[in-house]
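The values are calculated or read from the model by the stated rules, or taken from the named source; none is laboratory data. Since the structure is predicted, the reported quantities are computational estimates derived from the model, not experimental observations. No Cβ is skipped: glycine too gets one built from the backbone with ideal geometry, and neighbour counts run over all protein chains shown.
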Amino acid sequence: MTNNKLQVKKLYSLTSEKKKYSFSLPLKHSIRIGKREYEVKLKSDEKFGTYILWKNRKYPVEIVRSRQNKYEILFNDISYTFTVETPFSLQRMKVLNSKMGKAEKEDIKAPMPGKIIDVLVREGSSVLRGEPVVILEAMKMQNEILSPVNGVVTKVVARVNTNVMKDDLLVEIKL
Amino acid sequence: MKIKRILIANRGEIAVRIIKTARMMNIETVVIKTDLEPNAMYLSLADIIYDDTEEATEIPVFLNIEKLIEIAHKTKANAVHPGYGFLAENAYFAQKCNENKLIFIGPSPDAIYKMGNKTIARKIALAGGIPMAMGSEGNISNEEEAVVIAEKIGYPVIIKAASGGGGRGMRIVRKPEEMEKMFIIASKEAEKAFNDPSVFIEKYIENPKHIEFQILGDTKGNVIHLGERECSIQRKHQKLLEEAPSIALDENLRNRMGEMAVQIAKAVNYHSAGTVEFLLDSERNFYFMEMNTRIQVEHAVTETITGIDLIEQQIRIANGEALMFRQEDIKLNGWAIECRINAEDVQAGFAPAPGIIESLNLPSDPYIRIDTGVKAGSSIVANYDSMIVKLIVKGTDRKNAIKNCKMALDKVWIKGTKTTLPFFRMLVRHQKFQDGDFTTAFIEKDIEKYFLNSEYEEMLAAWLATKLFVEENLNDDSISIDFKNGKDMSPWLLNKRINQF
């Protein structure tokens, strides 16, 4: 064993809301609920594709993205994002997070690809949380993009009648 | 039968639906292959495919009147079915078909025009003594006028596009201060969507139910109704789930509303299938909203409880036949529920989720009807609406239909894109939905979480993430993790990586 390796007895799966699930290693193919262990099977066949079999029920699963220790999983049509951490990396993450300063600006990004129909704010406008800032049309629906924060608009990138991709910056707001 | 070959001026699920009935009636169908969907399902079912993939134009062929007429002539079709959306409610298109000796499977251009223009439709309804919400006499020309009229009617009011439909160009205004901004948005939206910026104002009925009546009329002046559909489960005026009949109506109210629907249709000499939409308030007063002069997306629930094929009736009526049924022949049997399974992300406020259908497993139980225009491998393009599957479930009564719907929803497996399935799984379990205690405000007001996930589903997903991590990172021989890539990383970089996802 080299210096680069670390003995691990446990792994944590953290949700984006920082909810923590812990699993002992080696990873068992069962999950304990109360006093009973229930078998979990990851299976795949031609008819259903990949699915998890648990308590006699099939749940469709898809791995949407995985990067480093981050996984986006579609389980029964609901997506979950986890970061898998060892006790060591979890500790380091906590330290890093406490060192981080609080955010001062909010970037409003396009939640989906589409076309900008209207821009409702200008640089210097003050906006309230929940106020629409941009109207984006996608799939025949007009979507109001709302400001998630109270603040002042510092930059307007969105232009009327232009197409945007998912996650393109639309508006910057100073808190 | 005069109608020999129908050009379907549409795509997707409704094109498939029309082909099915045409085939049963021994009528040939022509469909159009476009460069956006060269492998679409509807193409594989038609008798004749017109290839339009070479034409890369800005507007879709389904909106190009001259081109459609030309295609009909080239393929020797003698009738045109517009489906829904696109040109289905375009009076000029119906007119052009008639002028070019093509049988338009739908109402007359005059009826489309009158009911399509909401201001004229209001006047017709008013003259016929149909109950309506108070509103402006005609179109409103500017925001100052809007403020004056709204003041007279009393807030809240709703601004609607005169040429509108489908929820676009509609804005609810609760306070005079909001009027200017909302008027401009509504008018701009109306211009963009319908090529007509004119809007009018109506009293906004708080928390109504959306109840619509299916009607059928022939060219001999006979009009009947096929009962109601309950379409109150909507989000931003987009219907998500429809039922037939409605729990809110009894026989008496059904007859009264049905008679009004028939009366409106007769006022414009309506023939073909049509839908009269009403709002029903908590005191069971009903108000005429609008008439849709086309086949509706949700027509299948009416077909399920009446046993009548509405597309067949449209074709027969267009063929000049008299109605096969009288009002007393229409019997409503059982209960039907339709879920619109859309490619949308319910976890992101129903944002459209275009993509490719990787796999599709649809149930085929006797109580289930599936109407779809997609198969495995189909791409859902952002240019069209997001509906991919209509799941229609039948039951002996409402309770039984909901139970069947619950089972059916777990049997629909769609991979490759997120869908509204988790929303419906939540909805059918919601107490208020089960009790029938809901209005058009239900989704915005009564639902805390837009999707269903059981207590253990997140945990199982966490287990899967952990399993994947173990497979990718742990050595076979020892329980250790290789940190080569992370160990010497600067805290700044690591921090960035953590927050990137």
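Can A:Lys43 be described as surrounded by 12 or more Cβ atoms within 10 Å (Cβ to Cβ), more than 9 Å from every other protein chain (Cβ to nearest Cβ) and in a strand (DSSP E or B)? Spell out how you get there, then give the answer.
Details: surrounded by 12 or more Cβ atoms within 10 Å (Cβ to Cβ): yes; more than 9 Å from every other protein chain (Cβ to nearest Cβ): yes; in a strand (DSSP E or B): yes.
Against the criterion (surrounded by 12 or more Cβ atoms within 10 Å (Cβ to Cβ), more than 9 Å from every other protein chain (Cβ to nearest Cβ) and in a strand (DSSP E or B)), A:Lys43 qualifies.
Residues that are within 20 Å of the chain's Cα centre (by Cα), surrounded by fewer than 23 Cβ atoms within 10 Å (Cβ to Cβ), on the phi < 0 side of the Ramachandran plot and among the acidic types (Asp, Glu): does region B:274-281 have at least one?
yes
Scanning for something in the same structural domain as B:Leu226 (by TED's automatic domain parsing), part of a helix (DSSP H, G or I), surrounded by fewer than 19 Cβ atoms within 10 Å (Cβ to Cβ) and in contact with a helix residue (DSSP H, G or I) (Cβ under 9 Å, 6 or more places away or on another chain), does region B:287-309 turn up at least one residue?
Of the residues in region B:287-309, the ones in the same structural domain as B:Leu226 (by TED's automatic domain parsing) are B:287-309.
With part of a helix (DSSP H, G or I) added as a condition, the list becomes B:299-306.
This time we only want the ones that are surrounded by fewer than 19 Cβ atoms within 10 Å (Cβ to Cβ), so: none.
No, there is no match, as no residue in region B:287-309 is in the same structural domain as B:Leu226 (by TED's automatic domain parsing), part of a helix (DSSP H, G or I), surrounded by fewer than 19 Cβ atoms within 10 Å (Cβ to Cβ) and in contact with a helix residue (DSSP H, G or I) (Cβ under 9 Å, 6 or more places away or on another chain).
Residues that are outside the structural domain of B:Val276 (by TED's automatic domain parsing), modelled with pLDDT of 95 or more, of a type in the set (Phe, Trp, Tyr) and under 19 Å from B:Thr293 (Cβ atoms): does region B:62-77 have at least one?
Yes, there is a match, as at least one residue in region B:62-77 is outside the structural domain of B:Val276 (by TED's automatic domain parsing), modelled with pLDDT of 95 or more, of a type in the set (Phe, Trp, Tyr) and under 19 Å from B:Thr293 (Cβ atoms).
Kindly indicate whether A:Lys140 is of a type in the set (Lys, Arg) and within 11 Å of another protein chain (Cβ to nearest Cβ). Steps first, answer last, please.
Details: of a type in the set (Lys, Arg): yes; within 11 Å of another protein chain (Cβ to nearest Cβ): yes.
So A:Lys140 fits the description; yes.
Using the structure shown, decide if B:Leu452 is facing chain A (nearest Cβ under 10 Å) and either acidic (Asp, Glu) or outside any loop (DSSP other than H, G, I, E, B) (or both). Steps first, please.
Numbers: facing chain A (nearest Cβ under 10 Å): yes; either acidic (Asp, Glu) or outside any loop (DSSP other than H, G, I, E, B) (or both): no.
Spelling it out, it is not the case that B:Leu452 is facing chain A (nearest Cβ under 10 Å) and either acidic (Asp, Glu) or outside any loop (DSSP other than H, G, I, E, B) (or both).
Starting from residues that are in a loop (DSSP other than H, G, I, E, B) and modelled with pLDDT under 90, keep the ones in region A:141-160 and report whichever is farthest from the chain's Cα centre (by Cα). Before the answer, list the steps.
Start the filter on region A:141-160 by keeping residues that are in a loop (DSSP other than H, G, I, E, B), which leaves A:147-150, A:157-160.
Adding the requirement that they be modelled with pLDDT under 90 leaves A:147-150.
Values: A:Ser147: 19, A:Pro148: 16, A:Val149: 19, A:Asn150: 23 Å.
Top of the filtered list is A:Asn150.
Answer yes or no: is there a residue in region B:221-231 that is more than 23 Å from B:Ala267 (Cα to Cα), acidic (Asp, Glu) and surrounded by 24 or more Cβ atoms within 10 Å (Cβ to Cβ). Steps first, please.
Filtering region B:221-231 for residues more than 23 Å from B:Ala267 (Cα to Cα) gives B:230-231.
Now drop any that are not acidic (Asp, Glu), which leaves B:230.
Next cut, surrounded by 24 or more Cβ atoms within 10 Å (Cβ to Cβ) only: B:230.
Yes, the conditions are met somewhere in region B:221-231.
Going through region B:117-145 one residue at a time, which ones are in contact (Cβ under 8 Å) with a residue 40 or more places away in the chain, part of a helix (DSSP H, G or I) and not assigned by TED's automatic domain parsing to the domain that holds B:Phe183?
Hits for region B:117-145 are B:Lys118, B:Thr119, B:Ala121, B:Arg122, B:Ile124, B:Ala125, B:Ala127.
Take the residues in region A:157-175 that are out of contact with any Ser or Thr (no Cβ under 9 Å at 6 or more places or on another chain) and crowded, with 19+ Cβ neighbours inside 10 Å; name whichever of them is nearest to the other protein chains (Cβ to nearest Cβ).
Of all residues in region A:157-175, those out of contact with any Ser or Thr (no Cβ under 9 Å at 6 or more places or on another chain) come to A:157-170, A:175.
Next cut, crowded, with 19+ Cβ neighbours inside 10 Å only: A:158, A:164, A:170.
Values: A:Ala158: 16, A:Val164: 12, A:Leu170: 14 Å.
Per the stated criteria, the residue is A:Val164.
Just checking, does region B:211-225 include any residue being over 27 Å from B:Thr119 (Cβ atoms), in a strand (DSSP E or B) and of a type outside the set (Gly, Ala, Ser)?
Looking through region B:211-225, at least one residue is over 27 Å from B:Thr119 (Cβ atoms), in a strand (DSSP E or B) and of a type outside the set (Gly, Ala, Ser).
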